[in-house]
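First the structure, in the form of structure tokens, and then the observations on it.
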Amino acid sequence: MSVARASIRLGTDCGFSLLEMIVSMTVMSIIAAVVMPIIVTSTDAYAVSRDTRADTDRIIYALERAARLVRETPFAPDESGLSVQSATSNQFVLVDGSGIRLNGSELELLMPGGVSSVLCVDVTRIQLAYYNSAGAAMPIVLPAQIHRVSLQIQSGPVTLEMYAMPRSWIGRGD
């Protein structure tokens, strides 16, 4: 058999028939129909997870900054208690003007001199609760008696809470 004749013969034996092509396309379509909903669902779940993680990261950052402010709250010069000007359920402001407050849907970090920066956006709720030295909640907040602060921030479906204690109370009596 010559070389030219062998290549022609091999060429006729290779390839797919029309029936094989139709069967393989049908099988591929069935596989795609089964897999596509799984891919779409996992993509949607990833997007929700990513958004929730972003909300959580923003809230954690804001909580850590607010807790730092509470921990670093100094004593008043007359030693009567903490140097707090205003302590309500949605703001904590020191005598020097620094603090945190909810302004619309933005949680702001206040700095001395009236300057503020945004700690967290899209905040739906902030709750500050104050506790005395015995750990009892204080319905009427007296800055001199604040020993612990509970900070709770909600943004979208995520709500996180943190407790902080002013360091200036360490080593002091009531």
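The values are calculated or read from the model by the stated rules, or taken from the named source; none is laboratory data. The shown structure was predicted, so the numbers you read here are calculated from the model rather than taken from an experiment. Backbone-built Cβ (ideal geometry, glycine too); neighbour counts: all protein chains shown.
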Among the residues of the range 44-83, the number that are part of a helix (DSSP H, G or I) and polar (S, T, N, Q) is 3
Out of (1) under 16 Å from P166 (Cα atoms); (2) of a type in the set (G, A, S); (3) touching a residue at least 40 places away in the same chain (Cβ under 8 Å), the one S98 does not meet is (3)
If you go through D96, D44, D57, the only one that is over 15 Å from the mean Cα position of the chain (by Cα) and loosely packed, with under 13 Cβ neighbours inside 10 Å is D44
All-but-one check, S86 against (1) in a strand (DSSP E or B); (2) surrounded by 14 or more Cβ atoms within 10 Å (Cβ to Cβ), failing number (2)
Reported set for the range 117-165 where residues are part of a strand (DSSP E or B), of a type in the set (V, I, T) and buried (at least 17 other Cβ atoms within 10 Å of the Cβ) is I126, V149, I153, V158
- prompt: Is at least one residue of the range 47-55 assigned by TED's automatic domain parsing to the domain that holds R148, closer than 25 Å to G171 by Cα and of a type in the set (S, T, Y)?
  reply: no
Within the range 121-137, of all residues that are touching a strand residue (DSSP E or B) at 6+ places or on another chain (Cβ under 8 Å) and among the small types (G, A, S), the one nearest to A66 (Cα to Cα) is A129
- Query: Do we have E72 as loosely packed, with under 14 Cβ neighbours inside 10 Å, touching a residue at least 40 places away in the same chain (Cβ under 8 Å) and of a type in the set (D, E, K, R) here?
  - Reply: yes
(Q) Residue under question is L110, and the condition is that it be out of contact with any strand residue (DSSP E or B) (no Cβ under 8 Å at 6 or more places or on another chain) and touching a residue at least 12 places away in the same chain (Cβ under 8 Å); does it hold? (A) no
| Does Q91 satisfy the condition of being free of Cβ contacts under 8 Å to residues at least 40 places away in the same chain and within 22 Å of A76 (Cβ to Cβ)? | yes
